[in-house]
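Remarks on the structure that follows.
The values are calculated or read from the model by the stated rules, or taken from the named source; none is laboratory data. Note that the structure is predicted; figures quoted are calculated from it, not measured. All Cβ positions, even for glycine, are placed from backbone atoms using ideal geometry, and neighbour counts span all protein chains on display.
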């Protein structure tokens, strides 16, 4: 009986440890018709592998500063890599002249302000951010 209880407790902790709650929201300009995107689609937009929305509008991704905890969470959960690996990706792209990294903003408020002013913009903010004035999209 003790062995069964111990095994159950270990499995519960293992399960809880692997189910990480999303600590950020993906947001777009209110005029964007998109309501949901897959993680791959979001990654492709932020890595500029996809540069147009379905209506033909240019995609304009924006990142938080590299030191932001929310950015690390976003990078891990959306790209499957840490912020440093994504920064290396952009350094190589800039060196080869193929693309430049999205602009970086210092806070959730700056990201939201950027999205309000740019119809093709996509960004992310902490899960607790007030997203009034922009559209939160579902991550599939």
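Among the residues making up the stretch 86-127, those that are in contact with a strand residue (DSSP E or B) (Cβ under 9 Å, 6 or more places away or on another chain) and surrounded by fewer than 12 Cβ atoms within 10 Å (Cβ to Cβ) are 106, 117.
Within the stretch 132-139, is even one residue surrounded by 15 or more Cβ atoms within 10 Å (Cβ to Cβ) and farther than 11 Å from residue 26 by Cα? No, the stretch 132-139 contains no residue that is surrounded by 15 or more Cβ atoms within 10 Å (Cβ to Cβ) and farther than 11 Å from residue 26 by Cα.
Filtering the stretch 58-68 to residues that are surrounded by fewer than 19 Cβ atoms within 10 Å (Cβ to Cβ) and at pLDDT below 95 leaves 65, 66, 67.
Within the stretch 34-73, the only residue that satisfies the criterion of being assigned to a strand (DSSP E or B) and free of Cβ contacts under 8 Å to residues at least 24 places away in the same chain is 52. With respect to (1) surrounded by 19 or more Cβ atoms within 10 Å (Cβ to Cβ); (2) closer than 19 Å to residue 35 by Cα; (3) at pLDDT below 95, the lone exception for residue 83 is condition (2).
Whenever a residue of the stretch 80-103 is in a helix (DSSP H, G or I), its partners that are surrounded by fewer than 14 Cβ atoms within 10 Å (Cβ to Cβ), lying with C-beta atoms within less than 6 angstrom and at least six residues away or across chains, give the pairs 94/100.
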